[in-house]
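Every read-out reported here was derived from the displayed coordinates using simple, explicitly stated rules and does not represent laboratory data. In this text the structure is predicted, and so the values were computed from the model without any measurement. With ideal geometry, Cβ positions are generated from the backbone for all residues, glycine too; neighbour counts draw on all protein chains shown.
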Amino acid sequence: MSDIEKVKKLREATGAGFKDCNDIANVPGNVNIDASGEDIEPIINVMDILAFSDLLDDNSLINDCQSLDLLEDGEINQFDLIVLIDLVAGGGLN
Ligand SMILES: [Ca+2]
């Protein structure tokens with residue numbers, strides 16, 4: 001079981017963790033958890049693709065607040081990165 005899966009199971013079992021993350025900028029795809037403006041709009045762009053690549057190279061960089069399972073298959077891997085690239089290339093959320 002990967003560390004990510006362990007964290008997910010722990011969250012499911014305890015409900016812990018989510019309350020420590022803000023749900024405004026911590027949206028799926030906003031890997032580097034940045035935002036802009038008074039409305040705190042999450043920024044999803046090429047920087048998130050680069051950040052995701054780094055996280056795939058080194059899982060220890062992943063923090064509990066990041067929503068990375070974009071394919072929603074229970075695993076975090078290059079296929080999630082492809083979904084993110086598609087999101088950004090298609091105009092995405094920003
Ligand atoms: Ca971002």
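With 0.36 nm allotted per residue and the present C-alpha distance subtracted, the Leu56-Ala89 stretch has 9.9 nm of extension available. The residues Glu72, Glu38, when put in order of fewest to most other Cβ atoms within 10 Å, stand as Glu38, Glu72.
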